[in-house]
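Structure record follows, encoded as structure tokens.
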Amino acid sequence: MRTLIILTLLAVLVMVATCYESRESMESHEYFNPFINRRRANGFIQADRRLEAISQERIRERNKAPHERQREICEDYYPCELYAFRHGYAAAYRHYFGRRR
């Protein structure tokens, strides 16, 4: 019986020590209003720059430079690619596809 009383008192002491709410936590403005408005939230939370860089890369992939498109067209046509190995892609594109315009 005596050990039960001691264990109960010990449990009450542990509960009081862990559940005690200090005066400092009561002074915090977040205790009464834990949510902040959007303008203040945007002040310290920044967008992820990596996601922005990935989206810019996707835009650049869609809008290729003209010489890059010409090179890809030339690579798809085998005789143009062989000609490009000897004379360069710009000359090969002009040779095979330049007259069509």
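The values are calculated or read from the model by the stated rules, or taken from the named source; none is laboratory data. Nothing here was measured: the structure is a model prediction, and the numbers come from that model. Because the Cβ atoms are built from the backbone with ideal geometry, glycine has one as well, and the counts that use them run over all protein chains shown. Only protein heavy atoms, including side chains, enter the accessible area calculation; ligands, DNA and RNA are left aside. Shrake-Rupley method; radii C 1.70, N 1.55, O 1.52, S 1.80 Å.
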Checking LYS64 against (1) part of a helix (DSSP H, G or I); (2) at pLDDT 75 or above; (3) under 30 Å from HIS95 (Cα atoms), the condition it does not meet: (1)
Residue, surrounded by the most Cβ atoms within 10 Å (Cβ to Cβ), within segment 86-101, restricted to residues that are more than 23 Å from ARG62 (Cα to Cα) and touching a helix residue (DSSP H, G or I) at 6+ places or on another chain (Cβ under 8 Å): ALA92
Any hit, segment 71-85, residues being assigned to a loop (DSSP other than H, G, I, E, B), open to solvent by 100 Å² or more (accessible area, probe 1.4 Å) and at pLDDT 80 or above: yes
